[in-house]
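The values are calculated or read from the model by the stated rules, or taken from the named source; none is laboratory data. Small disclaimer: the values here were computed from a predicted structure and weren't measured. Cβ placement follows ideal geometry from the backbone for every residue including glycine, while neighbour counts extend to all protein chains displayed. Ligands, DNA and RNA are excluded from the accessible area calculation, which covers all protein heavy atoms including side chains. Shrake-Rupley method; radii C 1.70, N 1.55, O 1.52, S 1.80 Å.
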Amino acid sequence: MTKIVTLDEFIITSQKKYNDATGSLTRLLRDIGLAAKIVNREVNKAGLVNILGLDGSENITGDEVQKLDIYANEKMIECLGYSGECCGIASEELEEFIELPPVPSKKAEYVVVTDPLDGSSNIDVNVSVGTIFGIYKRLSDPSGPVQSEDFLQKGTEMVAAGYVLYGTSTILVYTTGNGVNGFTLDPTIGEFCLSHKDIKMPNSGNYYSVNQGYYLKFDLEMRRYIDHCSDLNLRLRYIGSMVSDIHRIMFQGGIFLYPNTRKYPQGKLRLLYECNPMAMIIEQAGGRAVTATLERVLDLEVKSLHQKATIVMGSPDMVDEMIRFVEKYSATVG
Ligand code: AHG
Ligand code: MN
Ligand code: MN
């Protein structure tokens, strides 16, 4: 029988490989693993909302039923407070970053950025959703309060990033900058178990993922590239949760695009807690992630917590080809 490696065990063993590791990142990742299990439990119950009560109403036990993205946000905050390694959180669900209360005798060295529930509109119809996170070392003096400069760091400064996909099974995928590993939740033992070791994405693939409903609102060069995908008979898949769409591409190869549209001139996805963590994972798996104006996503300056960015990411050969289209067709405009 093959030995099961749990997420906790894997994180601890990986930490031992680095002599200067203090264990604090390990404890932080374990906090996130716990939050993922709690959110998973609630996501699985979401279909029962009509029985247990609608959002904003009271459920059977008299508690107010919360929207799942708010619930996921609260659980992330709660769990990240356990180990005392995280001093602050920036989240899609929080207008401003928050500071976590210090844990006695702990020096909190990290901040976490998160989209606690990605693809939340899928919840109502039993379709996959996710959680995204990124971890940075704080820059400010640890004896003082957490500062905005701690969060407004380039993606290249991230020390770890990951996502959880609540799909037909629940999988947590993360990187600390030394490759990407995936852990599937075994509900019978309540543990994330190593299921996908050292994930490397295919150089090319048969899938493209874009909201084709916005086609007429894309710039000419993007339309030409999407026409090209269609000419090649690539398969269009769009779930409406970037975690789910990118997860398919990670394993089967392909390209995910959220370019600028007339409605969203800067794109829709958020740089800090959506684009950057997913870009780090994609790059670590051998892929590429650039903006619609061809800058590397991880190199972008982060000026505000909720800043948007356009994004094209996926298999390296396909992103390179998209770049050639943009270079060719944007040169013919104006
Ligand atoms: P969220 O639920 O966190 O707001 O994210 C939804 C995002 C992303 O996951 C998805 O790719 C995109 O919005 C879908 O947007 P469109 O409906 O505009 O295609
Ligand atoms: Mn999202
Ligand atoms: Mn969200």
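Remark: pairs (first residue in the stretch 219-239, closer than 15 Å to MET313 by Cβ and open to solvent by less than 60 Å² (accessible area, probe 1.4 Å); second residue assigned to a strand (DSSP E or B) and not charged (D, E, K, R); Cβ separation under 6 Å; 6+ apart in sequence or on different chains) = CYS229/TYR208.
For the stretch 181-203, the criterion of being open to solvent by less than 20 Å² (accessible area, probe 1.4 Å), away from ligand 3 (no atom under 16 Å from the Cβ) and farther than 30 Å from ASN44 by Cα is met by none of the residues.
Screening ASN260 with (1) part of a loop (DSSP other than H, G, I, E, B); (2) surrounded by fewer than 20 Cβ atoms within 10 Å (Cβ to Cβ) gives one miss only, at (2). One residue stands out among those in the stretch 275-300 that are of a type in the set (Gly, Ala, Ser) and in contact with a Pro (Cβ under 7 Å, 6 or more places away or on another chain): the one that is nearest to ARG324 (Cα to Cα), which is ALA292. Within the stretch 158-170, the residues that satisfy the criterion of being aliphatic (A, V, I, L, M) and open to solvent by 10 Å² or more (accessible area, probe 1.4 Å) are MET158, VAL159, LEU165.
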